[in-house]
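The structure under discussion appears below in the form of structure tokens.
FYI, it's all coordinate maths here, none of it is from the lab. Please read all numbers here as calculations on a predicted model, not as lab measurements. Cβ coordinates were reconstructed from backbone atoms using ideal geometry, including for glycine residues, and neighbour counts include every protein chain displayed.
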Amino acid sequence: MDILIQAFLLVVRPDVIVTILLASLFGLFVGAIPGLTATMATALLVPVTFFMDPIPALGAIVTASAMAIFSGDIPAALLRMPGTPASAAYTDESYKLGKKGMLDLTLGTNVVFSAMGGMFGVAILVFAAPWLAEVALKFSSFEYFWLACLGLTCAVFISTTDPVKGFASLFLGLAFATVGIDPVVGHPRFTFGSIELLQGISFIPAMIALFAVSEVLRQALVIGDPVEQVSAHIGNIFKGIGAMIRRYKFNFLRSSTIGVAIGALPGAGGDIAAWITYAVSKKFSKEPEKFGTGHIEGIVDATSANNAALAGAWIPALVFGIPGDSITAIVIGVLYMKGMNPGPTVFLHNPQLIYGVFIIFIIANLMLVPLGLIAIKSAKQILRLPRQLLIPIILMFCIVGAFAITNSILAVVILLVLGILGWVLEENGFPVAPIILGMVLGEMLEMNFMTSMIKADGSFLAFFERPIAGVLGAMTLLVWAGMIWTGLRPKRAAA
Amino acid sequence: MRANDAICGLVLLVLAAVMAALTIPFPEFPGQNYGPDLLPRILSVALAICGALLIKRGWQARGQGDPWFTRPAWLGVPIKVMRLLLVIAALLFYIFAGDPLGFLPVSFIIIAVLAIAFGGRPFWALVAALVATLAINYFFGSIMRVPLPRGILDLFV
């Protein structure tokens, strides 16, 4: 109880409240603009939160990402353009509903079920995380090594349709993480004589490069293409929502549960949760023939799931330091910078911080409804903002943000190199999220791997001797074997 | 600019080879069998495997008529190519001119030039550049105390 009061006092400070309010507006704004994603919102926020205390910093990220995932639904319904990838699964459906004159109901469903899905996710997070942390306290380097391997493997497996390219990205990320002083004996690696590179490639500039600068490059190629303007009128969006909740309560529970689970799996976030729950909804619906013609049921499922996934992703991030999606990958970087190394010991040493994050999660989802309403009402203005002016300002913000972290021009060089790299990789079908996962987990993976190797003294069996490590190791090897098996099997011609 | 998978694979192979070669001079530590070269070497093997798989796949796709490079549509639109190059030039400009000129003029120039190149009206582009530059300078420079380069400002103040 003490801890809860402490956590509460940490949150109800004027600076924290103002920070999360501003972060919400920022998140709503970025999410509503097609092409700017929730991950990008988080990436741009990090330099701003860099100088703050842990609670306002994490609070800003939590609220901004939750708002961005919701507000991605707005342009989906209005313009048939998802604001963030998490809304892509039901963009067509929302737009068709709007065309049928049910725009108000669609937007109302989006905001209410997003908030409810988010709440559901938080509830699971609050109960599951401390319990898992207790289990995780017993883990040694062997367990962490396997957990990191399994997590990274899942990340590649789920988040891309092309595992070979996914793995290549992941290995690239891990390779980037090896730049600098090695964590075991302190030998400099791949620094090419640069003193600044001894600390490694700074994570924040790398992340801004991969998620924001690469997007600026992409936008530079589509800017000026004709864009549809919003003409629809928005009325009372809450009319008929009560009936929706009663009618689809089972859908809501099912999809939120799936959403949390997918969020908690490393590497898969809200976008994948939305695709999967939309498909599940169609499969089990009483009226599947209506899907794709402007039917609200699938939207209820997917819009709940993507917000539930957001909270789910924090479970492995806080407990094991293994990110559940690209947003929590950034969060883990922030936690390390704040000296709160994620892992079960945070729950022992700084439980008030963890509970503070939980409280902010709840506040964020409560605020989502009123702020979401404001965002919907001002959507026309937001979507009319001249992209030609916005994109250059975002680029400048990237530059200063990256520079602010290290106060060195090397950060801008990283921005340039990795920004172009991220853009080229995505053009060629390589996902960039695994690079960030690899960079975040690289040092932890190497630390645990080397410690385990030294402890085991060359005997590979030691990696399986402890019961949990044995199970995790066997699971990892099974997944790898399965992947090699499917990779070697001759493919059908059109595949 | 989409390249055939075989080309991506080849790049990965070269990268893996360079990485492995760079680990050769790493020192041995007496009494310790595993040094700082272990993980990079494992990673270079892993990257090489990915590269080999991609080369195999790209070669097969090549047999079915996939070209070495697919020419993207924007390459035929000079203004789009220019916009893309300008974004890259903006970053280079900041890297080289940031320190001597200082943050204020460099930021103003980057935002204004890009906004006009992206098709914004010149008047609004200049206004946006001025407001955004001052706002960023105030927020990062004054509130968060990031030592943004002062450059030519030092000549006057």
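Tabulated data for the structure shown
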{"read-out": "The stretch B:2-70 - charge dipole about Cα centre, Lys and Arg +1 at Cβ, Asp and Glu -1, debye rounded to 20", "value": "280"}
{"read-out": "Shape category assigned to chain B from the gyration tensor of Cα positions, a/c cut at 1.5", "value": "oblate"}
{"read-out": "Rounded to the nearest 20 debye, dipole of chain A from Cβ charges on Lys, Arg, Asp, Glu", "value": "1300"}
{"read-out": "Dipole axis of the protein assembly as shown (+1 Lys, Arg; -1 Asp, Glu on Cβ), positive-most option in A:GLY356, A:VAL230, A:VAL112", "value": "A:VAL230"}
{"read-out": "Between the stretch A:346-424 and the stretch A:145-217, the alpha-carbon center distance in angstrom", "value": "21"}
{"read-out": "Ratio of Rg to Rh over the stretch B:112-157 (Cα coordinates, Kirkwood Rh, two decimals)", "value": "1.09"}
{"read-out": "Local electrostatic count at A:ALA220 - Lys and Arg +1, Asp and Glu -1, tallied over other residues with Cβ under 9 Å", "value": "+3"}
{"read-out": "Backbone N under 20 Å from the B:LEU92 label point (7 Å along Cα→Cβ), restricted to the stretch A:408-424", "value": "A:409-424"}
{"read-out": "Farthest positive-ward along the protein assembly as shown dipole, Cα basis, beta-carbon charges - from A:LEU418, A:LEU44, A:PHE252", "value": "A:PHE252"}
{"read-out": "Eligible aspartates and glutamates near A:LYS290 by straight Cα distance, threshold 18 Å, same-chain separation 8 or greater", "value": "A:ASP92, A:GLU93, A:ASP301"}
{"read-out": "In nm, spacing of pseudo-spin labels at A:THR486 and A:LEU22 (7 Å Cα→C-beta vector)", "value": "4.6"}
{"read-out": "Sorted largest first, extent of the stretch B:2-70 alpha carbons per principal axis (Å)", "value": "55, 14, 13"}
{"read-out": "Table column - 3J(HN,Hα) (Hz), the stretch B:85-93, Karplus curve with 6.51, -1.76, 1.60, x for Gly and Pro", "value": "5, 5, 4, 5, 4, 4, 5, 4, 4"}
{"read-out": "Computed FRET value (nearest 0.05) for A:SER285 with A:LYS239, which takes r as the C-beta separation and R₀ as 30 Å", "value": "0.80"}
{"read-out": "Placed amide H near A:ARG189: partners under 5 Å, 5+ positions off or other chain", "value": "A:GLY180, A:ILE181, A:ASP182"}
{"read-out": "Burial ordering of A:ILE299, A:ILE330, B:ILE152, fewest other beta-carbon atoms within 10 Å first", "value": "B:ILE152, A:ILE330, A:ILE299"}
{"read-out": "Dipole magnitude of chain B, debye to nearest 20 (Cβ charges: Lys/Arg +1, Asp/Glu -1, about Cα centre)", "value": "580"}
{"read-out": "Protection proxy ranking of B:77-90, A:170-183, B:47-60 - average other beta-carbon atoms within 10 Å, highest first", "value": "A:170-183, B:47-60, B:77-90"}
{"read-out": "In Å, descending, principal axis extents of the Cα set of chain A", "value": "69, 63, 49"}
{"read-out": "Inter-chain Cβ neighbour average for residues B:90-101, partner chain, 10 Å", "value": "4"}
{"read-out": "Hits among lysines - C-alpha to C-alpha of A:LYS380 under 26 Å, sequence gap 8 or more where chains match", "value": "A:LYS96, A:LYS99, A:LYS100, A:LYS239"}
{"read-out": "Calculated FRET value between A:ALA128 and B:ALA135, using beta carbons and R₀ = 56 Å, to 0.05", "value": "0.85"}
{"read-out": "Whole-number Å³ per residue for the convex hull built on Cα positions in the stretch B:74-156", "value": "97"}
{"read-out": "Farthest positive-ward along chain A dipole, Cα basis, beta-carbon charges - from A:MET450, A:THR191, A:GLY59", "value": "A:GLY59"}
{"read-out": "Part-to-part distance (alpha-carbon centres) for the stretch B:18-87 and the stretch B:120-136, which is given in Å", "value": "40"}
{"read-out": "Backbone N under 17 Å from the A:ASP92 label point (7 Å along Cα→Cβ), restricted to the stretch A:248-288", "value": "A:274-283, A:288"}
